[in-house]
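> Take a look at this one; I'll ask things after.
The values are calculated or read from the model by the stated rules, or taken from the named source; none is laboratory data. As the structure is a computational prediction, the values presented were derived from the model and not from experiment. Here the Cβ is made from the backbone with ideal geometry for all residues, glycine too, and neighbour counts use every protein chain on show.
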Amino acid sequence: GQQLNQSPQSMFIQEGEDVSMNCTSSSIFNTWLWYKQDPGEGPVLLIALYKAGELTSNGRLTAQFGITRKDSFLNISASIPSDVGIYFCAGQLTGTYKYIFGTGTRLKVLA
Amino acid sequence: GAVVSQHPSRVICKSGTSVKIECRSLDFQATTMFWYRQFPKKSLMLMATSNEGSKATYEQGVEKDKFLINHASLTLSTLTVTSAHPEDSSFYICSASPTQGGDEQYFGPGTRLTVT
């Protein structure tokens, strides 16, 4: 199946550091969603983006919908241990209800 | 709001038997629900789109006779893995959207299926 290119694949950072991850594709998307998944659980929606260029924040998280509609990034500021998990982007294909998921970024925070 | 539940959370079954997984939107109605499969340390792969009152739309490579989907109401979709085999062991997750356009998808907690 289709997947988005998400990078980095994994990150090890110190507590308090900022984190940045992104998703890119050759396809154009209507909507971008960012999720966090803990082991053995379903993904939890963090941020939703609906318009090209849109910049949205949710606490320490900030995400942007790329101008070309083919990419998005997620930033986490001042990371804390509970930020540990796998982050996925998901893009909604034009003209469909379907979402394509990124390959995931595994984040580990060292206290 | 926007809570999705799944049942069971874990199931172990013998090869050749069938298993039913339920997905419920608890505080909203969902015209469309989605079923995903996730292998260890991998991303979510869309299996099918479940539409209330009509047949599900399956992704390429997903056997519709193997993975039966029924969307009986605006709050319930079921996935039945028929004649399960060990290779069907996986983490199955459903999602639902409270909006017609499916802009925001909310996921259930997932079901861990192990076929022995």
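> Just need a number here: residues in region B:81-116 that are without any contact (Cβ under 8 Å) to a residue 60 or more places away in the chain and either surrounded by 15 or more Cβ atoms within 10 Å (Cβ to Cβ) or within 17 Å of B:K66 (Cα to Cα) (or both).
Residues meeting the conditions: 6.
> For region B:78-106, give me the residue count where each residue is in contact with a Ser or Thr (Cβ under 7 Å, 6 or more places away or on another chain) and either charged (D, E, K, R) or at pLDDT below 95 (or both).
Qualifying residue count for the region: 8.
> Would you call B:V81 under 11 Å from the mean Cα position of the chain (by Cα), farther than 25 Å from A:F88 by Cα and more than 13 Å from chain A (Cβ to nearest Cβ)?
Against the criterion (under 11 Å from the mean Cα position of the chain (by Cα), farther than 25 Å from A:F88 by Cα and more than 13 Å from chain A (Cβ to nearest Cβ)), B:V81 qualifies.
> Does region B:11-31 include one or more residues that are in a strand (DSSP E or B), at the interface with chain A (Cβ under 9 Å from one of its Cβ atoms), touching a residue at least 24 places away in the same chain (Cβ under 8 Å) and in contact with a strand residue (DSSP E or B) (Cβ under 8 Å, 6 or more places away or on another chain)?
Checked region B:11-31: no residue is in a strand (DSSP E or B), at the interface with chain A (Cβ under 9 Å from one of its Cβ atoms), touching a residue at least 24 places away in the same chain (Cβ under 8 Å) and in contact with a strand residue (DSSP E or B) (Cβ under 8 Å, 6 or more places away or on another chain).
> Just checking, how many residues over region A:26-35 are more than 11 Å from chain B (Cβ to nearest Cβ) and within 18 Å of B:K42 (Cα to Cα)?
Residues that pass the stated criteria total 1.
> Condition check: within 14 Å of chain A (Cβ to nearest Cβ), closer than 23 Å to A:E41 by Cα and not β-branched (V, I, T). Does B:P109 satisfy that? Outline the logic, then answer.
Numbers: within 14 Å of chain A (Cβ to nearest Cβ): yes; closer than 23 Å to A:E41 by Cα: yes; not β-branched (V, I, T): yes.
For B:P109, the condition - within 14 Å of chain A (Cβ to nearest Cβ), closer than 23 Å to A:E41 by Cα and not β-branched (V, I, T) - is met.
> Moving on to the next point. I want to confirm something. Restricting to region A:65-85 and keeping residues that are over 16 Å from A:D18 (Cα atoms) and crowded, with 19+ Cβ neighbours inside 10 Å, which single residue is modelled with the lowest pLDDT?
Narrowing region A:65-85 to residues over 16 Å from A:D18 (Cα atoms): A:65-72.
Of the ones still in play, those that are also crowded, with 19+ Cβ neighbours inside 10 Å are A:65-66, A:69, A:71-72.
On the way: A:F65: 97, A:G66: 96, A:R69: 93, A:D71: 96, A:S72: 97.
If we take residues in region A:65-85 being over 16 Å from A:D18 (Cα atoms) and crowded, with 19+ Cβ neighbours inside 10 Å, then A:R69 is modelled with the lowest pLDDT.
> Which one of these does B:M47 not meet: (1) out of contact with any strand residue (DSSP E or B) (no Cβ under 7 Å at 6 or more places or on another chain); (2) of a type outside the set (S, T, N, Q); (3) within 30 Å of A:Y50 (Cβ to Cβ)?
(1)
> Also, I was wondering about something else. With the structure loaded, tell me whether B:D65 is charged (D, E, K, R), buried (at least 19 other Cβ atoms within 10 Å of the Cβ) and out of contact with any His (no Cβ under 6 Å at 6 or more places or on another chain) or whether it fails that test.
no
> Then there's this: Given region A:46-111, what strands (runs of 3 or more DSSP E) lie entirely inside it while holding 1 or more residues that are within 14 Å of chain B (Cβ to nearest Cβ)?
A:55-58, A:61-65, A:85-93, A:99-101, A:105-110
> Name the single residue, out of those in region B:32-57 being small (G, A, S) and in a loop (DSSP other than H, G, I, E, B), that is farthest from the other protein chains (Cβ to nearest Cβ).
B:G53
> Can you find, within region A:17-41, the residue that is surrounded by the most Cβ atoms within 10 Å (Cβ to Cβ) among those that are part of a loop (DSSP other than H, G, I, E, B) and either among the charged types (D, E, K, R) or modelled with pLDDT of 95 or more (or both)?
A:E41
> Let me ask something additional. Can you pull out the residues in region A:16-72 that are of a type in the set (A, V, I, L, M) and farther than 14 Å from A:Y87 by Cα?
A:I28, A:L49, A:A52, A:L55, A:I67
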